[in-house]
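To start, the structure itself, in structure tokens.
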Amino acid sequence: MRIDKKNNSIVLENNQLLYNNRIIFSYSDKKPIAFIGEGQEDVQMYRGNFKIEDYVVTRVPLCTVDAEKQDNAIVLKLSYNGQAPYLKIVVSFDEVGRMVLKMKGEEKSYNRLWLRLKATPDEKVYGCGEQLSHFNLRGKNFPLWSSEPGVGRNKKTLTTFWADVKDMAGGDYYHTNFPQPTFISTEKYYCHTKGYAYADFDFRNSDFHELQYWNIPNSLIFDTATSYIGLIGKLTDLLGRQPTLPKWTDEGALLGIQGGTDYVYNIGKKLRDKGVKLAGFWCQDWEGIRNTSFGKRLFWNWEWNSELYPDLDTKIDQWKKEGLRFMSYINPYVAVDGAMYPEADRNGYFAKNKKGETYLVDFGEFYCGVVDFTNPEAFTWFKNIIKSNVIDFGCDGWMADFGEYLPTDVVLYDGSDPMVRHNEWPMLWAKCNHDAIKEVGKWGEIVFFMRAGAAGSQKYCPLIWAGDQSVDWSLDDGLASTIPAALSVGMTGCGLSHSDIGGYTSLHGNKRTKELFMRWAEMGAFLPFMRTHEGNRPAENFQVFNDEEAIEHFAKHTTIFTELTSYRRFIVEENAKKGIPVQRPLFMHYESDMVTYDIQYQYLFGPDVLVAPVHEEGKTEWEVYLPEDAWIHLWTGKEYKGGTHTVNAPIGQIPVFYRKESNFRELFESLTIKYGV
């Protein structure tokens, strides 16, 4: 049985489904490609952290596969021992030649599906949204559910232990704000699931990848390419692409700072007078402060707090004339004690509980209503809040925080299942922000950034940030974790990412040190967007503006950031046009180098710059792997060939190399002359 459409062949022979010479799955009576069943889940949420358990009532192996050709499709009827089919898979091409597997469950009581795709022992797998502990996903399973990422994110660490004991918030290796049922294989195909229900992608078996879904998904989409650059281009053709960042973001760092109009400006002036390049201020407390046991939180009522920020409405325009933009903060929840709440509650804009009352979510010593984006009037209301209270106020950007907290027992306006809507919610939140900006004609001028995401965020969210890292050196939750996070989300279609310089979460004894901030700032100079954060407990943690040496170090690296503008602009535009991420895995340009496929704490910054951030405390030397090429060490001008090298890496000299044959060589040489040793 064979279909050929413009030479993209689907072949079903010898019990195998082939697509462009890749075996997608193979089956026999003893090796089924699918199981169908019934499960009863128990989902409990506590402040954005989820405890999820599943009791599998039935799991039926679909050992019998009957295939028939219908028009331009192949229909696979899967059953148990030749009984009536439980599942139909319609295999066809879409308009551009992608292979689509449409699923249809024939027995409505079944709500679980396990699908097995062919794997090879040496195959590697990447993607699944933003994964912070592992870049190559092989050897692990990854539950795909949007949640708080957790504190520590490693059950073997003391930080995670105490976070679990005291707050039910420790997390694990797979917890993420941005899960997505999409992966890229070293067989050079991608597999994308069209759907948002809970899933668990299991890459532990040497012979197959088992994809578990808590429903029958709409479809699976496959495409292939001869290169990873071509493959990521095809994936972003499907999902959409982020726009080019506005040019004002090239003018320096966004200083994350709180405390009021005069305080913010005076700290900024102090830094600028000492040579720090600032593009502007990011003031998350512009709407007011709420102090909790967690630390300094925000008052979630989305309008300017004129008591904390007097005259801000006029100062924003003055600061812009000085080259300082203003970024703020917003999220899709409204505090019950805020002025906005009564109107929204009265108009039915919040999700309900089963009694028909507004569902209140505990965010940690305060409660909020969840804006119901399935209600068109609520969506429009909140979109207009963004327009009037944020954009018209003069903000050039903001953090669009959260999106992961949709409870699974809410009642939504449109009657849809919150177990399916939960993972979709961050995309709807991104769309609300996107539509507000688009409708005022400022898409591409204003930039907002999000930690939560879902399939579709690619075209709605211009910038990702890696979430709330701990202010420490841990691999799973510190500086290091932001590197696989950027690489994995880049392989999922979001090529613009960054992180809080210095980290955010200070709990259970973790406190930011000067060294950690300085190392993070070094990496920040080689990212598409540079932004600091004071953290959740600013008074207890190191702040750059309080230390002369750190200010000098920060000035150097914000200047390097600005001096790299022409190169960074080139690779940011590549992402917008072709979907090629700014931070790239080494194998994206060195496919024949097998070592590069397991490197997750280095990255290529575009095609020509290799960055190996120092992510351990007290190190002055660092081991770096270079693919086979001619590389120039940025700080010494010394030439290196491929292989493993140990280089000097004192604070201020993050290991950075550029390709000798780069078209931007003169730019990089100028940095060596200016900053080299």
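State the number of residues belonging to segment 145-172 that are hydroxyl-bearing (Ser, Thr, Tyr) and closer than 20 Å to Ala454 by Cβ.
Result for segment 145-172: 2.
Pairs, please: C-beta under 6 Å, at least 6 apart or cross-chain, first residue over 15 Å from Tyr198 (Cβ atoms) and in segment 160-187, second part of a helix (DSSP H, G or I)?
Close Cβ pairs (under 6 Å, with a partner that is part of a helix (DSSP H, G or I)) amount to Ala169/Ala163; Gly170/Thr160; Gly170/Ala163; Gly170/Asp164.
With the structure loaded, tell me whether Gln258 is outside any strand (DSSP E or B), polar (S, T, N, Q), in contact with a helix residue (DSSP H, G or I) (Cβ under 9 Å, 6 or more places away or on another chain) and surrounded by 15 or more Cβ atoms within 10 Å (Cβ to Cβ) or whether it fails that test.
yes
Test of understanding: among Ala430, Ala452, Ala436, which residue is closer than 21 Å to Tyr174 by Cα and in the same structural domain as Arg325 (by TED's automatic domain parsing)?
Result: Ala452 is the single residue among Ala430, Ala452, Ala436 that is closer than 21 Å to Tyr174 by Cα and in the same structural domain as Arg325 (by TED's automatic domain parsing).
List the pairs whose first member sits in segment 615-642 and is in contact (Cβ under 8 Å) with a residue 40 or more places away in the chain, whose second member is charged (D, E, K, R), and whose Cβ atoms are under 7 Å apart, counting only residues at least 6 apart or on separate chains?
Going by the 7 Å Cβ cut-off, the qualifying pairs are Glu617/Glu515; Pro627/Asp593; Ile632/Glu639; Ile632/Lys660; Gly642/Glu628; Gly642/Asp629.
State the number of residues belonging to segment 537-551 that are basic (Lys, Arg) and closer than 13 Å to Met518 by Cβ.
0
Return only the number of the condition from (1) within 23 Å of Leu231 (Cβ to Cβ); (2) free of Cβ contacts under 8 Å to residues at least 12 places away in the same chain that Ala539 does not satisfy.
Exception for Ala539: condition (1).
If Thr176 satisfies all but one of (1) surrounded by fewer than 20 Cβ atoms within 10 Å (Cβ to Cβ); (2) at pLDDT 95 or above, what's the number of the condition it fails?
Single failed check for Thr176: (1).
Residues checked against (1) aliphatic (A, V, I, L, M); (2) touching a residue at least 24 places away in the same chain (Cβ under 8 Å):
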| residue | (1), (2) |
| --- | --- |
| Lys320 | no, yes |
| Ile330 | yes, yes |
| Tyr333 | no, yes |
| Asp337 | no, yes |
| Lys352 | no, yes |
| Leu360 | yes, yes |
| Gly415 | no, no |
| Val420 | yes, yes |
| Trp425 | no, yes |
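Check every one of the strands (runs of 3 or more DSSP E) wholly within segment 129-210 and list those with 1 or more residues that are within 15 Å of the chain's Cα centre (by Cα).
141-144, 179-185
Can you find a residue that is of a type outside the set (S, T, N, Q), closer than 30 Å to Leu238 by Cβ and part of a helix (DSSP H, G or I) anywhere in segment 463-473?
Checked against the condition, which is being of a type outside the set (S, T, N, Q), closer than 30 Å to Leu238 by Cβ and part of a helix (DSSP H, G or I), segment 463-473 yields no hits at all.
Restricting segment 662-677 to residues that are assigned to a loop (DSSP other than H, G, I, E, B) and out of contact with any Asp or Glu (no Cβ under 8 Å at 6 or more places or on another chain), which is modelled with the lowest pLDDT?
Among those residues, the one meeting the criterion is Val677.
Given the criteria over 29 Å from Asp362 (Cβ atoms), in contact with a Pro (Cβ under 7 Å, 6 or more places away or on another chain) and not assigned by TED's automatic domain parsing to the domain that holds Gly478, does Phe135 qualify?
yes
Which of (1) within 34 Å of the chain's Cα centre (by Cα); (2) at pLDDT below 90; (3) charged (D, E, K, R) is the odd one out, the single condition Asp29 does not satisfy?
Among (1) within 34 Å of the chain's Cα centre (by Cα); (2) at pLDDT below 90; (3) charged (D, E, K, R), Asp29 violates only (1).
For (1) charged (D, E, K, R); (2) outside the structural domain of Ile385 (by TED's automatic domain parsing); (3) more than 29 Å from the chain's Cα centre (by Cα), each residue gets a yes or a no:
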{"site": "Arg272", "(1), (2), (3)": "yes, no, yes"}
{"site": "Gly288", "(1), (2), (3)": "no, no, no"}
{"site": "Leu298", "(1), (2), (3)": "no, no, no"}
{"site": "Thr314", "(1), (2), (3)": "no, no, yes"}
{"site": "Asp317", "(1), (2), (3)": "yes, no, yes"}
{"site": "Lys320", "(1), (2), (3)": "yes, no, yes"}
{"site": "Gly323", "(1), (2), (3)": "no, no, yes"}
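Here is a check on your reading of the model: is Thr226 crowded, with 20+ Cβ neighbours inside 10 Å, of a type in the set (Ser, Thr, Tyr) and in contact (Cβ under 8 Å) with a residue 12 or more places away in the chain?
It is false that Thr226 is crowded, with 20+ Cβ neighbours inside 10 Å, of a type in the set (Ser, Thr, Tyr) and in contact (Cβ under 8 Å) with a residue 12 or more places away in the chain.
Could you pull out every one of the strands (runs of 3 or more DSSP E) wholly within segment 19-104 that has 2 or more residues that are polar (S, T, N, Q)?
Where strands (runs of 3 or more DSSP E) fall fully within segment 19-104 and carry at least 2 residues being polar (S, T, N, Q), they are 34-46, 49-61, 64-70.
Collect the residues in segment 569-596 that are under 22 Å from Gln653 (Cβ atoms) and surrounded by fewer than 24 Cβ atoms within 10 Å (Cβ to Cβ), keeping them in residue-number order.
Leu586
Which residue out of Leu255, Leu231, Leu238 is within 29 Å of Phe363 (Cβ to Cβ), hydrophobic (A, V, I, L, M, F, W, C) and in contact with a Phe, Trp or Tyr (Cβ under 9 Å, 6 or more places away or on another chain)?
Going through Leu255, Leu231, Leu238 in turn, just one is within 29 Å of Phe363 (Cβ to Cβ), hydrophobic (A, V, I, L, M, F, W, C) and in contact with a Phe, Trp or Tyr (Cβ under 9 Å, 6 or more places away or on another chain): Leu255.
Name the residues in segment 27-49 that are of a type in the set (Phe, Trp, Tyr), within 17 Å of Met103 (Cβ to Cβ) and either in contact with a Lys or Arg (Cβ under 8 Å, 6 or more places away or on another chain) or loosely packed, with under 15 Cβ neighbours inside 10 Å (or both), would you?
Residue satisfying the conditions is Phe35 alone.
Which residue is surrounded by the most Cβ atoms within 10 Å (Cβ to Cβ), if the candidates are limited to segment 348-392 and must be among the hydroxyl-bearing types (Ser, Thr, Tyr) and not in a loop (DSSP other than H, G, I, E, B)?
In this case the residue turns out to be Thr358.
Touching a helix residue (DSSP H, G or I) at 6+ places or on another chain (Cβ under 7 Å) and in a helix (DSSP H, G or I) - does that describe any residue in segment 400-407?
Within segment 400-407, not a single residue is touching a helix residue (DSSP H, G or I) at 6+ places or on another chain (Cβ under 7 Å) and in a helix (DSSP H, G or I).
When both residues are 6+ apart or on different chains and their Cβ atoms are under 8 Å apart, which pairs have a first residue that lies in segment 390-409 and is farther than 30 Å from Asp317 by Cβ, and a second that is assigned to a loop (DSSP other than H, G, I, E, B) and polar (S, T, N, Q)?
From residues that are farther than 30 Å from Asp317 by Cβ, the pairs are Gly403/Asn177; Gly403/Asn331; Glu404/Ser147; Glu404/Asn177; Asp409/Asn353.
Quick check on my filter: what residues within segment 600-635 are within 23 Å of Val125 (Cα to Cα), crowded, with 21+ Cβ neighbours inside 10 Å and of a type in the set (Phe, Trp, Tyr)?
Answer for segment 600-635, where residues must be within 23 Å of Val125 (Cα to Cα), crowded, with 21+ Cβ neighbours inside 10 Å and of a type in the set (Phe, Trp, Tyr): Tyr603, Phe605.
The values are calculated or read from the model by the stated rules, or taken from the named source; none is laboratory data. These figures come from a predicted structure and were not determined experimentally. Cβ coordinates were reconstructed from backbone atoms using ideal geometry, including for glycine residues, and neighbour counts include every protein chain displayed.
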